[in-house]
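The values are calculated or read from the model by the stated rules, or taken from the named source; none is laboratory data. These numbers come from a predicted model, not from an experiment. Cβ placement follows ideal geometry from the backbone for every residue including glycine, while neighbour counts extend to all protein chains displayed. The protein model used for the area step is the full one, side chains on, heavy atoms only, and it has no ligands, DNA or RNA in it. Shrake-Rupley method; radii C 1.70, N 1.55, O 1.52, S 1.80 Å.
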Amino acid sequence: MDSPRQVKNLNREPKRSQNRSSNPPQKDAYARLLNQHSSSKFSLYLEQYAKDTAFQREGNGPSTAFKAQSDRQNIPQRQRDQVPNDFSDSSDFSPSSMKGRGDESSLSLYMEKLSTRGAQQDFERKQGVSDRQRWGQRRDTATSHDGDVESGEELGSLKPNEPKKHQKQQKKTKDSHKDVTSKETDSFVGRPQSPNTAGASGQEQDKMKKAKKKKNSRQPEEEKSGEGTFQSGVDAQNSRPKSPYGKEKKLQQSRASNSPADKSKNRGPRGSKKQVFESYMTLEEVSHGLKRGELLQGQLRINPKKYHEAFIPSPDDARDIFLDGIVARNRALNGDVVVVRILPREQWKVVRSDTECEGTSESDTQKENTVRPAQKKTERAPRPDGVAEDQSSDQDELIRKVQSNPPADTGEHLEDPSTPRPNGEILQKTAKVVYIVEKKHSRAVTGFLKFLPDKPFAMFSPVDHRVPRINVLLADCPEDFTSRPGDYAKTLFICRITDWAADSNFAEGQLAKTLGQAGEIEPETEGILIEYEVDFSEFSDEVLNCLPKNLPWTIPAEEMRKRRDLREECIFTIDPATARDLDDALSCKQLPDGNFEVGVHIADVSYFVGEDNALDAIASQRATSVYMVQKVIPMLPRLLCEELCSLNPLTDRLTFSVIWTITPEGKILSEWFGRSVIRSCVKLSYDHAQSMIEAPEKMFAAEELPPADPEHPIDEIHRAVLNLHSIAKNLRAQRFSGGALRLDQLKLSFTLDKETMMPQGCYVYQYRDSNKLVEEFMLLANIATAHHIHNRFPQLALLRRHPPPKTKMVDELQELCDQLGIDIDLSSAGALHKSLNTTLGDDEYTTARKEVLTHMCSRPMQMAMYFCTGELKDKQLYKHYALNVPLYTHFTSPIRRYADIVVHRLLASSLNCGPSLGLSTEDVQKQSSRCNDRKTVSKRVQELSSELFFGVFVKDCGPLDSEAMVMGVLDQSFDVLVLRYGVQKRVYCKSVAGLDSFRHHKVGKKSELTLIWTAEDLEKAPVEQVISIFTLVEVQLKADGAPMKYSAVLKRPGENESNT
């Protein structure tokens, strides 16, 4: 199988050239000369020639300057005279275009053509738009159709303001595109293809290679790290006239060189610049377009590994809609809510239906690859530091309501784009942004300043490659930056984008703050918080004035009379050992009939946070507390979240309680909701509760537990924990037998030095029975509350729904698992849960296999979200897929989640024990959306904080050796789960020391890499290592040169290595 596929792929480029050879117009002699010539003097000659022909029409002879320039270029007179005759074949200069133009020369007309299109092509190429993109040919690359991960070399779609005549040309060649076979879209391994040359014809590529060799000897190549834009660098040719012709000549060079000198032309006089981006539609046009189904609305998601690729969710739950390149994104940034127009069908992307491992090919080159250690990868995907984003982060995209987009009636039958073709290919819709509804991205980014000689601005390079490079005026830079730029090489700044003009590749911005040295935890942490708009400022006096004044505060007698007094009950908290915001407590009392009275008691935050005051405003704005490794950014002032609301032991506290009468088997006999007062008798950690569960007969001594209320002996607390555990096990069994699903993913925790707060150690957090106990009763309380408030307020209830996974991705995952021999049932949440816990063997690597499979299964999953019931008419959409319940909400964590405060207000109103509601359906929905946004941000910030600390740990304590299990295979790399630390990393084959070559092989959905290790002994044969999903490998985690970054280095396989 390997050999024929390799032959086919090696012949791929010529075939692709043949397929599109009829599409772009053939270049005439002078156009080709412009492509190749490396001297700006020639462009001056052409410019002067055009001027002199105009003079000649007025009766003037050629200027002396023109003659001198011609002589300096050594162009014979005969050749000069023949110049006008060489343009007759140009598609932009045809005989028909000569009509009515009098006796203008061919060259002068051609120069006019160049002057109108040269700047446009300049910006297209600065965007990385290839010839193939400008002509709108279909992509035949196997990129990920849902954009969650790294994918293939991008070849692009039509630029938004493409001339209509080019679109007509595409239609003429449509049939030829349909003949593309699967062998032309297979993923395979080879030399990275330059993004600027990927779409050029074979003949042009040869010329570009030659030009590149010439340029490389004198101009260093720099890697782009902005949002698809070329780096603005030192203008080595600053004194040369910036004529359109010279610009056209430089354009052709830019294909072969990314040097600063060729990238700095974007800052010319504003009046002479062409549009890079389309102007936005008006709000009225957008509204009409959405109503007519001509436009779609959705949240933009930019691939962190391939920042030229962006996506919005499809309204029909099909594959995400693809936006190719920054021009298509039209200045929108990650997370923005945008309106897009679907591009014509002939510009849609051809992909294969892949889901395994990020499902895609990384490049469109040859299948066999010899590794050269010094070779640098020039693809857009992996950053130089080799850092891979968290593999699951992209699952947390917000699902917004989008408008449907029925295909226009063209009079012909259109195939379903999501239906695979006979060769396994499918079409993915592509689009372009026409309007930004909401700029959810903060427009603030962390990064570094670069000094540009002879420029009035500095170049700010964001750490996040999805954000464009930003021009910052020198006046806004530190005072000594121009004289001592080297002092700031490792200084981390925050920059805010202030403008991004439609005629500029680069945004404009201002420095907001100097954070400090890159690589230090506090500056990096502050940068994360600012970039994600986490408000970590001190609470204002206006907010603090909303808090109780008389401290220490006690519960007013009048309030006590309104509540159920539970202070004599055995009620306790179970939380992480370091928790200070204790918002839930449990109680369990056995009744004479053998049943139990079980209570969940939640801090009554809504008593302290009244509606429509300054405290409520800041809480609703923050929407959630943000937990980082070394600190918490609280939603509420610490007086509330750590004292007055926190259910601290041996203290009277206001609560909302749900109390059930439950049988030992977990059957609910009765239920009570109400406001109450409790007095927690002890603060248990999960470790304490776990010790009690694991030693049911043990008599715990007082010193083994935290201080407890003498009214409730330790033995009583122990019995209550054991009874809760027994009931929770039954409730849990009922949930999963009823079809619930839990996808556990490993979580990394740290031990910190108490003084420096630096990581001393790390470990994979263990989810144990004590965690499950608390979770089970919190779920029960949330489900009960959801039903209660929905029955009372069917149009106002704030609930939480979880849509089912994307059907097509589930089908593809099922096919992959079948090919891997994994017996898994993806037909429902319950079936999946059962499969994950029964099909992975029983040995020391069972947990690792389950984690890998869980990662694969999490890919099609959508994100749970808050919503207002009055905004969603179809009650079937209320369902929570993973929990497999019809109604669910959040009630149990009001100290750290604002959604829970809203639910408490609804609950209080329904029980007539709170103020009348001033909420409307629109208010609840708006707050739901805000909570969704901030919850997503909070999760991402928490992940980044963990990555930051682990990077420091690897730097200080590494290199670290560990076994790892392969999670997915691409054509030039593979992802591993590092078993000792629970982190996921990508290993790039071209970076593996000691590797002679590697080849990629794929049958159906199953992808494999064969690594050929150089023999350590010349007398021995090279060692082959096959990499596929579940392969066990040895890796070493090593710090990179970049601050806080580390790589996973694959170790040479040992004799005892085995695949599992």
Check your understanding: Which pairs have Cβ atoms under 6 Å, sit 6 or more apart or on different chains, and link a residue in segment 840-851 that is more than 15 Å from Cys817 (Cβ to Cβ) to one that is modelled with pLDDT under 85 and among the polar types (S, T, N, Q)?
Key -> Tyr845/Thr1060
Practice item. Evaluate the following for Leu948: is it buried (at least 18 other Cβ atoms within 10 Å of the Cβ) and touching a Phe, Trp or Tyr at 6+ places or on another chain (Cβ under 8 Å)? Key: no
Check your understanding: Here are some conditions: (1) assigned to a helix (DSSP H, G or I); (2) under 22 Å from Gly610 (Cβ atoms); (3) at pLDDT 95 or above. Asp923 meets all but one. Which one does it not meet?
Key -> (3)
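Residue-by-condition table, conditions (1) under 19 Å from Gly335 (Cα atoms); (2) surrounded by fewer than 17 Cβ atoms within 10 Å (Cβ to Cβ):
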| position | (1), (2) |
| --- | --- |
| Arg443 | yes, no |
| Leu449 | no, no |
| Pro453 | no, yes |
| Ser461 | no, no |
| His465 | yes, no |
| Ala475 | no, yes |
| Ser483 | no, yes |
Check your understanding: Within segment 615-650, can you find the residues that are surrounded by fewer than 16 Cβ atoms within 10 Å (Cβ to Cβ) and over 30 Å from Cys762 (Cβ atoms)?
Key -> Ala617, Gln621, Leu650
Check your understanding: Taking segment 567-619 as the region of interest, how many residues are within 38 Å of the chain's Cα centre (by Cα) and among the hydroxyl-bearing types (Ser, Thr, Tyr)?
Key -> 3
Practice item. Return only the number of the condition from (1) over 19 Å from Glu776 (Cα atoms); (2) crowded, with 17+ Cβ neighbours inside 10 Å; (3) at pLDDT 95 or above; (4) within 43 Å of the chain's Cα centre (by Cα) that Ile678 does not satisfy. Key: (4)
Check your understanding: Of all residues in segment 641-674, which are under 20 Å from Arg561 (Cα atoms), in a strand (DSSP E or B) and out of contact with any Gly (no Cβ under 8 Å at 6 or more places or on another chain)?
Key -> Asp652, Arg653, Leu654, Thr655, Trp672, Phe673, Gly674
Check your understanding: Is at least one residue of segment 828-840 surrounded by fewer than 14 Cβ atoms within 10 Å (Cβ to Cβ), within 28 Å of Met965 (Cβ to Cβ) and not aliphatic (A, V, I, L, M)?
Key -> yes
Study note, to complete from the structure: Subset of segment 969-1026, residues at pLDDT below 90, within 25 Å of Lys850 (Cα to Cα) and basic (Lys, Arg), comes to Lys1002, Lys1005, Lys1006
Practice item. May I ask you to list the residues in segment 464-484 that are without any contact (Cβ under 8 Å) to a residue 24 or more places away in the chain and either in a loop (DSSP other than H, G, I, E, B) or within 25 Å of the chain's Cα centre (by Cα) (or both)? Key: Glu479, Asp480, Ser483, Arg484
Exercise for review: Hey, could you check segment 824-846 for residues that are under 27 Å from the mean Cα position of the chain (by Cα) and assigned to a helix (DSSP H, G or I) and say which is modelled with the lowest pLDDT?
Suggested key: Leu836
Check your understanding: Is at least one residue of segment 871-887 of a type in the set (S, T, N, Q), out of contact with any strand residue (DSSP E or B) (no Cβ under 7 Å at 6 or more places or on another chain), outside any helix (DSSP H, G or I) and open to solvent by 30 Å² or more (accessible area, probe 1.4 Å)?
Key -> yes
Check your understanding: If you take the residues of segment 504-517 that are open to solvent by 20 Å² or more (accessible area, probe 1.4 Å) and touching a Lys or Arg at 6+ places or on another chain (Cβ under 9 Å), which of them is farthest from Ile326 (Cα to Cα)?
Key -> Gln517
Exercise for review: Only residues in segment 731-742 that are in a loop (DSSP other than H, G, I, E, B) count as the first member; pair them with residues that are open to solvent by less than 10 Å² (accessible area, probe 1.4 Å), Cβ under 8 angstrom, at least 6 apart or cross-chain, and list the lot.
Suggested key: Gly739/Ala829; Ala740/Ala829; Leu741/Ala829; Leu741/Leu832
Practice item. Those residues that are among the hydrophobic types (A, V, I, L, M, F, W, C) and touching a Phe, Trp or Tyr at 6+ places or on another chain (Cβ under 7 Å), I need them from segment 971-1023; list them, please. Key: Val983, Val987, Cys989, Leu995, Leu1009, Leu1011, Ile1012, Val1023
Review point. Does Val632 fit the bill of being β-branched (Val, Ile, Thr), closer than 27 Å to Ser770 by Cβ and free of Cβ contacts under 8 Å to residues at least 60 places away in the same chain?
Key: yes
Point to revise | Residues located in segment 540-594, provided they are in a strand (DSSP E or B), open to solvent by 60 Å² or more (accessible area, probe 1.4 Å) and in contact with a Phe, Trp or Tyr (Cβ under 9 Å, 6 or more places away or on another chain) | key: Arg564, Lys589, Gln590
**Study point:** Single unsatisfied condition, Met856 versus (1) touching a helix residue (DSSP H, G or I) at 6+ places or on another chain (Cβ under 9 Å); (2) more than 22 Å from Lys806 (Cα to Cα)
**Key:** (2)
